[in-house]
Structures are given as C-alpha cells and as structure tokens.
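Each remark here refers to the structure printed beneath this line.
Only the coordinates and a few stated rules stand behind these numbers; no lab work does. This is a predicted model, so every value here is computed, not measured. Neighbour counts run over all protein chains shown; Cβ positions are idealised from the backbone, glycine included.
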Amino acid sequence: MSRDNKPSGPSQRMLRVGELVRHALASMFARGDVVDDALRGAVVTVPEVRMTNDLKIANAYVMPLGGEHAEEIVAALNRNKKFIRGQVAPQINMKFAPEIRFFVDDTFDEASRIDALLRSDRVRRDVEAEDGDDEQE
C-alpha cells in the first residue's frame, strides 16, 4: 500500500486473471489455432499478460522463439484478436472476456542490455575498487 492507502501495484485479481489469459493464449498458440501466414511455423511464447484495473483489456506481451519477425507476428496476432478473444473467453470463465492487445515483449532485450553493462570492464573496475576499499577498513 502507498501512503494514500491505494494499492501501488496490480491486485491479486488482476494477476490471477492475467495468468488465466496467459495460459489460455499459450495453449492456443501451442496448438496452432490461429491461422495466419505470418504465424505459420512460428513458436510464440507469452511471458506476461497485464490486465487493466477494470479487467476489460489484457495487454499480452509475446515473443517468437529466437526473436525473429517479432513485429510481423504481433501484427498478425492483432489482426486476429477478435478470433483469439472468442477462443480465450470460454477458458477463463468470466462474465465478460477482455479485449486482448498484443505487444512485443522487450524484457529479454532489456535483460541482455543490463547483463552486458554489468559485465563491462568499467563496472568490473568499479566493483573491484569497492572490494579493495572494504578490505582496507
């Protein structure tokens, strides 16, 4: 809770529904239920689904295996989002199925960038200098 007694992050319900949608999407992609030329032969992972507060919109972050043609695959999924919503709706057991919007998941790129920074000579020098300071005290 933040200082004004409002929750600072997603609620348990938002997280639970997001996971339900994520699992439904992942199983649908694994079965190859979405027929589109851009998706032919693509293995698509769904690392995260974030729900809005009112649970009306599900922002699904997806990444094809290997990260190739990610923008094309996201465009194909967004073209087929009405069909996908209709397939996901019975699996999540909610009164109203959320609208699903697809985005490229860039957390892998960000993690790689941070990892590269941490392994850089400049950071290594700083860490070694701090370790030397600790030993002198």
Tilt, helix 107-119 to longest principal axis of the chain (alpha-carbon atoms), in degrees rounded to tens, equals 10 degrees
Matching label for the computed Cα Rg over 2.2 N^0.38 Å, out of (i) 1.00; (ii) 1.42; (iii) 2.65, is (ii)
Expressed in nanometres to one decimal, the distance between label points 7 Å along Cα→Cβ at Lys95 and Asn78 is 3.1 nm
Sparse-neighbourhood loop hits (trypsin sites (Lys or Arg not before Pro), segment 20-118; DSSP loop; Cβ within 10 Å at most 15 others) -> Arg40, Lys56, Lys95
Any GluC sites (Glu not before Pro) in segment 9-68 that lie in a DSSP loop and have at most 15 other Cβ atoms within 10 Å would be Glu68
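Where in segment 1-105 are there chymotrypsin sites (Phe, Trp or Tyr not before Pro) that are in a DSSP coil and have at most 11 other Cβ atoms within 10 angstrom of their Cβ?
When the chymotrypsin sites (Phe, Trp or Tyr not before Pro) of segment 1-105 are filtered for loop state and at most 11 Cβ neighbours within 10 Å, Phe96 remain.
Run the numbers for Arg113 and Asp37: contour at 0.36 nm per residue of separation, minus the present Cα-Cα distance, in nm.
Details: separation 76, 0.36 × 76 = 27.36 nm, distance 3.18 nm.
Computed gain between Arg113 and Asp37 is 24.2 nm.
Only bridges with both residues in the chain count here: give the DSSP antiparallel percent, nearest 5.
Details: 6 of 12 bridges.
Percent antiparallel among DSSP bridges in the chain is about 50.
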